[in-house]
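Each remark here refers to the structure printed beneath this line.
The values are calculated or read from the model by the stated rules, or taken from the named source; none is laboratory data. The shown structure was predicted, so the numbers you read here are calculated from the model rather than taken from an experiment. Here the Cβ positions follow ideal geometry from the backbone for every residue, glycine too, while neighbour counts run over all protein chains shown. The accessibility values were calculated without ligands, DNA or RNA, using every heavy atom of the protein model including side chains. Shrake-Rupley method; radii C 1.70, N 1.55, O 1.52, S 1.80 Å.
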Amino acid sequence: MEETLEFAERVHAGKPQLPLALRLIQNTGVRKRHIVQPIEETLRHPGFEERNRIYELESKKRCPEVIEKALANARLAARDIDAIIYVSCTGFLMPSLTAWLINNMGFRSDTRQIPIAQLGCAAGGAAINRAHDFCMAHPGSNVLIVACEMCSLCYQPVDDGIGSLLSDGLFGDAVAAAVVRGSGGTGMTLERNGSYLIPNTEEWISYAVRATGFHFQLDRRVPGTMEPLAPVLRQLVTEHGWDIGNLDFYIIHAGGPRILDDLSRFLDLDRKMFRHSWATLTEYGNIASAVVLDALRRLFEEDLPMPGATGIVAGFGPGITAEMAVGSWRADPPDDPDQLTGGDPLTYSRHDSPRPTRKRPK
């Protein structure tokens, strides 16, 4: 935080909007972030081509280790994966990094590739939902999700609007991975998912693509979007026969402090129910599509929920789009191979919790 405020004051000295931007940055609650380059290099702009080269280099360097952890947690090998969903909005590769992963990490040549590039922060939730859909369409399949976000490579020194300055103090870099299994394990069983787009808000979060790269554009109305989205989350949970005010865990995109504060208020929830999302925001900043995966990791690292515990995952991003999933917790005996067959999709985090889950019997 201190470094961010210092560089903002230095780079944007004398700008009339700077005092407001500094107050907004201080109010984000972000105490620490991780970036792929030293901050001095991040503040320089070497050009769009060089930044994309760094994105390719860093993604190939950092993704494999995280993927190996996710596979180990899932008790699966690369050859057991039937589809790879790769989400990112901070760099561009064609072919997608999925092709490089298949060629270099032992995945089968018939592994399906599902790259998602333009859903921004909502892409983590969307990846979980598309993995759920894939497993429902192809019973017994396993899907690997990879989120690779290097938001610092989108920093634009010449952009000094309030939205740009705020984003400079909010976003961080991260790589995350998770596995959605078609059967077996310990974790969150995916039972229902949904998407919703707030009409006529497509310009509220966007990129202007220029010679210097991606210029992030953030409308001042974005923090107020939880008021129309809260009823959407409530409806999805109600349609599943549950009460959104009485779930056991909430994995919510930490877009900023007002997003979390407003959603807890509109859903009449204690603020601490979003503790995993708050922790991600405080320690990593807004890490775009990786937020929900990191918050899910924190759920695994905490005392695991009791079998049958209910919860929701929700990601928000450009559109304005919400991607939501509801499900319950299942814990299989740790070393019982008979539990690794049958059931429906589940998801679990990249770091701990070595096993995923089957769908809870109705």
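Considering 293, 281, which residue is part of a helix (DSSP H, G or I), open to solvent by less than 10 Å² (accessible area, probe 1.4 Å), of a type outside the set (Gly, Ala, Ser) and within 21 Å of residue 74 (Cβ to Cβ)?
On the way: 281 fails: within 21 Å of residue 74 (Cβ to Cβ).
Result: 293 is the single residue among 293, 281 that is part of a helix (DSSP H, G or I), open to solvent by less than 10 Å² (accessible area, probe 1.4 Å), of a type outside the set (Gly, Ala, Ser) and within 21 Å of residue 74 (Cβ to Cβ).
Only residues in the range 159-177 that are at negative phi count as the first member; pair them with residues that are crowded, with 22+ Cβ neighbours inside 10 Å and charged (D, E, K, R), Cβ under 7 angstrom, at least 6 apart or cross-chain, and list the lot.
Short answer, once both residue conditions are applied: 172/33; 173/149; 174/149; 174/294; 176/294; 176/350; 177/350.
Applying the selection to the range 133-147, what residues are surrounded by 20 or more Cβ atoms within 10 Å (Cβ to Cβ) and not polar (S, T, N, Q)? Show your work before the answer.
Quick first cut of the range 133-147, residues surrounded by 20 or more Cβ atoms within 10 Å (Cβ to Cβ) only: 134-135, 141-147.
Selection gives 134, 135, 143, 144, 145, 146, 147.
Return yes when residue 28 is at pLDDT below 95, at negative phi, crowded, with 18+ Cβ neighbours inside 10 Å and in contact with a Lys or Arg (Cβ under 9 Å, 6 or more places away or on another chain) and no when it is not.
Against the criterion (at pLDDT below 95, at negative phi, crowded, with 18+ Cβ neighbours inside 10 Å and in contact with a Lys or Arg (Cβ under 9 Å, 6 or more places away or on another chain)), residue 28 does not qualify.
Any residue at all in the range 188-211 that's surrounded by 22 or more Cβ atoms within 10 Å (Cβ to Cβ) and either without any contact (Cβ under 8 Å) to a residue 12 or more places away in the chain or part of a loop (DSSP other than H, G, I, E, B) (or both)?
The answer is no, given that none of the residues of the range 188-211 is surrounded by 22 or more Cβ atoms within 10 Å (Cβ to Cβ) and either without any contact (Cβ under 8 Å) to a residue 12 or more places away in the chain or part of a loop (DSSP other than H, G, I, E, B) (or both).
Among 85, 39, 102, 116, which is of a type outside the set (D, E, K, R) and either within 24 Å of residue 4 (Cα to Cα) or loosely packed, with under 15 Cβ neighbours inside 10 Å (or both)? Step through it out loud before you land on a result.
On the way: 85 fails: either within 24 Å of residue 4 (Cα to Cα) or loosely packed, with under 15 Cβ neighbours inside 10 Å (or both); 102 fails: either within 24 Å of residue 4 (Cα to Cα) or loosely packed, with under 15 Cβ neighbours inside 10 Å (or both); 116 fails: either within 24 Å of residue 4 (Cα to Cα) or loosely packed, with under 15 Cβ neighbours inside 10 Å (or both).
Result of the check over 85, 39, 102, 116: 39.
Filter the range 1-27 down to the residues that are more than 26 Å from the chain's Cα centre (by Cα), hydrophobic (A, V, I, L, M, F, W, C) and over 18 Å from residue 156 (Cα atoms) and list them by number.
Hit for the range 1-27 is 20, nothing else.
Does any residue of the range 339-349 turn out to be modelled with pLDDT under 95, of a type in the set (D, E, K, R), farther than 30 Å from residue 219 by Cβ and surrounded by fewer than 24 Cβ atoms within 10 Å (Cβ to Cβ)? Write out each step before concluding.
Filtering the range 339-349 for residues modelled with pLDDT under 95 gives 339-349.
Then keep just the ones that are of a type in the set (D, E, K, R); that gives 344.
This time we only want the ones that are farther than 30 Å from residue 219 by Cβ, so: 344.
After this cut, where a residue has to be surrounded by fewer than 24 Cβ atoms within 10 Å (Cβ to Cβ) as well, the list is 344.
So far as the range 339-349 goes, yes, one or more of its residues are modelled with pLDDT under 95, of a type in the set (D, E, K, R), farther than 30 Å from residue 219 by Cβ and surrounded by fewer than 24 Cβ atoms within 10 Å (Cβ to Cβ).
Could you list, in sequence order, all residues of the range 212-231 that are modelled with pLDDT of 95 or more and buried (at least 16 other Cβ atoms within 10 Å of the Cβ)? Walk me through it before giving the result.
Narrowing the range 212-231 to residues modelled with pLDDT of 95 or more: 225-231.
Scanning the range 212-231 gives 225, 226, 229, 230.
Restricting to the range 119-133, give me the number of residues that are over 10 Å from the mean Cα position of the chain (by Cα), outside any loop (DSSP other than H, G, I, E, B) and aliphatic (A, V, I, L, M).
First, the residues of the range 119-133 that are over 10 Å from the mean Cα position of the chain (by Cα): 119, 129-133.
Next, from what is left, pick out any that are outside any loop (DSSP other than H, G, I, E, B): 129-133.
Pick out the ones that are also aliphatic (A, V, I, L, M) and you get 131.
Looking only at that region, the number is 1.
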